[in-house]
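Coordinate-derived values only; no laboratory data. These figures come from a predicted structure and were not determined experimentally. Glycine also receives a Cβ, built like all others from the backbone with ideal geometry; neighbour counts cover every protein chain displayed.
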Amino acid sequence: MLSPEVVTELLSVEEREEIEAEAAHYPVRRAVCIDAMLIVQRHRGWVSDESLGAIAELLGMSTADLDGIATFYNLIRRRPVGRHVAMLCDSVSCWIMGYNRVRDHLCKQLGVPMGGTTADNRFTLLPIVCLGACDRAPAMMIDGELYTDLDEQRINTLLERCE
Amino acid sequence: MATITERPLTSRLRQDREPVLAEEYERAGGYQGLRAALRMAPNEVTDLVKRSHLCGRGGAGFPTGMKWSFVPMGKDAPHPKYLVANADEMEPGTFKDRALMEGDPHQLIEGMAIAAYAIEADIAFIFLRGEYQLSARRLTQALAEAYERHYLGRNILGSGYSLEMYLHISAGRYICGEETALLNALEGKRAHPRAKPPFPQVSGLFGKPTIVQNVETLCNLPHIVSKGAEWFLGLSPTGEGGTKLFGVSGKVKKPGLWELPLGAPLRELLEEHAGGMRDGTRFRGVLPGGASTDFLVDEHLDTPMDYAHVAKAGSRLGTGTMVVLDDQTCPVGMVWNLEHFFAQESCGWCTPCWSGLGWTEKILLAMEEGTAVQHDLEILKFQPKFMAPGNTFCAFAPGAMEPLQSALKYFGDDFQRHIKEKRCPWR
Ligand SMILES: Cc1cc2nc3c(=O)[nH]c(=O)nc-3n(C[C@H](O)[C@H](O)[C@H](O)COP(=O)(O)O)c2cc1C
Ligand code: SF4
Ligand code: FES
């Protein structure tokens, strides 16, 4: 168990304030645990073992219980990611409209397979399910922004913009 | 020619894709539905919605007013009661709720306030999928405006009715869209579905009466309350009531999203609105309502797209957003892609689903790679029976079987060719 002092050290004031604001919406404290993990991830890019332990302590849960929840949800990252995260839709409409070609090009440009992070830590490339942009397939998200009608040219332009 | 129709859900959407904010929304008649609802008794609102025949636009098509009538009402009813907007939109091929939330966020908020009032809910959540960050920003802005203007919060517009509304950002997984799994996710648990009964209307979020409703369903409510049930019924040529957001993706000339009368013919959608097939491709089939619906083929092109007619054609209206299969695309490959999705997204709770989908995906991949044998096809044909409704804990697995069973029926020769030729003929 972590002492309250350690929790204070491991989570920033901002993070704790945001978590408490969300917690006020629920009748039981642990209900906020998914929001809490997403809040920490917004600040730090991922949820480390230390962060997980601190959130569990803050909400009065066991770490194992919280990790079991974390691992269920694909948008909670338990491993560090690169400075930019590219999520390429691999669902049906994008598949029909040229997912394979776009994926191969992305992997070649970045020099990593799907799921990989570049050696210089610039990019993590992940598959994602349908992004709700099927009429403008193929589609991907970079750092939370949606990009559509992808082809080799457009991918090159998008990648160049990311330092 | 496309007929000119009323488009209550999308008429306000701006060409520049910027959101309609409070002032503009009010000028265009916004929040008049809520004002009218607050002058009625809650059960009168439910009756009106029942008479409109509004059915759920999230996939299952259950009558909305009837669902509300199971919620315990009156002095002795348990509180807080909850209303949840299902904004999890993750069905592959579906892109309609995002358009409504990004373009006209107040319409959803007003619809939610009306539904919440009808069931005397105290708290409402918008359960939004994590990837919809633009929707999140615009809903956050609209919620703040709605509170400022007293459409939310304590004593709404002086009516004595109070409602708190929060935006909840989800952390992924398709199963969260299933309404009982969604409730577990909102409670901060793993999103496994719950056994029914008890139904959420009686015992839902934190054990309290809860209504879960799709975004598009809720967006219809302001219009039904303002203009009446008869007007709503009259919108649809087949009498099912209302309009529907229809979408088409795949190799058509003009993929897109349109609001049309519920019951618009499939052919009109594909040929007029979507512009027909791209040059050099031929139509082979269509998933009419997202990934978990049965294929329709040529012989079904004159089907009116409403709940009853699509069911009669052997499929489901589902989300109304269609994915077209063309002759340059391998049907086995397409079904593999779909079953890969379902195998990955199975919540793992019950064996027929997680195990059966694993096998299904493997066999389809073997066909694509040219290593499948005749016996594999027999195993594949058995899966829709193995995962039939009633054999699994929730509707996820039976839904996953719909594209497979219909592909086996309509494209059986293509499966055979993969085995005989020991390769994918499209590669
Ligand atoms: C696996 C699965 C996923 C679902 N996903 C969604 C979804 O993303 N959005 C939605 O509105 N309904 C979804 N549903 C349907 C919901 O369970 C529920 O029926 C619906 O939200 C009720 O709202 P409606 O009656 O307004 O359609 C899903 C159902 C299943 C079985
Ligand atoms: S059918 Fe699939 S998704 Fe539904 S409960 Fe069973 S394992 Fe989970
Ligand atoms: S299938 Fe890729 S955005 Fe829908």
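See the values below:
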| item | result |
| --- | --- |
| Ranked list, fewest to most other Cβ atoms within 10 Å of each Cβ, for A:Ser3, A:Ser62 | A:Ser3, A:Ser62 |
| The protein assembly as shown - convex hull of the alpha-carbon atoms, volume per residue in Å³ | 157 |
| Surface/4 estimate of mean projected area, convex hull on alpha-carbon atoms of chain B, nm² | 19.9 |
| Zero-based 5 Å bins, Cα pair distances in region A:4-72, whole percents | 3, 19, 34, 28, 14, 2 |
| Separation in nanometres of the label points that stand 7 Å from Cα toward Cβ, at A:Gln153 and B:Ala308 | 5.1 |
| Relative contact order (percent, whole number), region A:22-154, Cα cutoff 8 Å, 6+ residue spacing | 21 |
| GNM result for chain B, Cα springs below 10 Å: residue of B:Leu404, B:Leu38, B:Leu157 fluctuating most strongly | B:Leu157 |
| Descending principal axes extents, region B:262-344, alpha-carbon based, whole Å | 33, 30, 19 |
| Helix B:42-52 axis, angle to chain B major axis (alpha carbon atoms, nearest 10°) | 40 |
| For chain A, with +1 on Lys and Arg beta carbons and -1 on Asp and Glu, the positive-most of A:Pro27, A:His105, A:Val85 along the dipole | A:His105 |
| Mean residue ellipticity (222 nm) of chain B, computed from DSSP H runs ≥ 4 via -39,500 (n - 2.57), nearest 500 | -12000 deg cm²/dmol |
| Nearby aspartates and glutamates by direct alpha-carbon distance to B:Lys227 (threshold 13 angstrom, same-chain neighbours under 8 apart not counted) | B:Glu6 |
| Mean projected area (nm²) of the alpha-carbon convex hull when region B:165-251 is viewed from all directions | 8.9 |
| Positive dipole terminus of the protein assembly as shown, leading residue within B:Cys394, B:Gly320, B:Phe382 (C-beta point charges) | B:Phe382 |
| Cross-link reach list, lysines versus B:Lys196, counting only Cα pairs under 19 Å and skipping chain neighbours closer than eight places | B:Lys67, B:Lys81, B:Lys208 |
| C-alpha long axis of helix B:396-410 to longest principal axis of chain B, angle in ° | 40 |
| D_trans [Stokes-Einstein, Kirkwood Rh over alpha-carbon pairs] for region A:84-161, 37 °C, 0.692 mPa s, µm² s⁻¹ | 271 |
| B:Asp327 long-range amide H proximity, modeled H, under 5 Å | B:Arg282, B:Arg284 |
| Two-decimal ratio, chain A, of alpha-carbon radius of gyration to 2.2 N^0.38 Å | 1.20 |
| A:Ser51, B:Ser162, A:Ser91 arranged by Cβ crowding within 10 Å, fewest neighbours leading | B:Ser162, A:Ser51, A:Ser91 |
| Estimated dipole of chain A in Debye, rounded to 20 [Cβ of Lys and Arg +1, of Asp and Glu -1, Cα centre] | 580 |
| Residue order, fewest to most beta carbons within 10 Å, for A:Cys162, B:Cys176 | A:Cys162, B:Cys176 |
| Assigned charges on the beta-carbon of Lys, Arg, Asp, Glu; chain B dipole about Cα centre (debye) | 440 |
| Magnitude of the charge dipole, the protein assembly as shown, Cβ model with Lys/Arg +1 and Asp/Glu -1, debye to 20 | 820 |
| Options A:Leu146, A:Gly60, A:Thr71, ranked by Cα towards positive dipole end of region A:37-154, top entry (Cβ charges) | A:Leu146 |
| Violating pairs (Cα-Cα greater than 22 angstrom) within the set B:Lys253/B:Lys420; B:Lys96/B:Lys251; A:Lys108/B:Lys96 | B:Lys253/B:Lys420; A:Lys108/B:Lys96 |
| Helix-derived mean residue ellipticity, 222 nm - over chain A, DSSP H n ≥ 4, -39500 (n - 2.57), to 500 | -13000 deg cm²/dmol |
| Cα gyration tensor of region B:22-234 - equivalent ellipsoid semi-axes, whole Å, descending | 23, 20, 17 |
| Region B:331-421 shape via C-alpha gyration tensor axes, a/c threshold 1.5 | prolate |
| Sequence-distant aspartates and glutamates (8 or more away, or on other chains) whose Cα lies within less than 16 Å of B:Lys381 | B:Asp294, B:Glu339, B:Glu361, B:Glu402, B:Asp413, B:Asp414 |
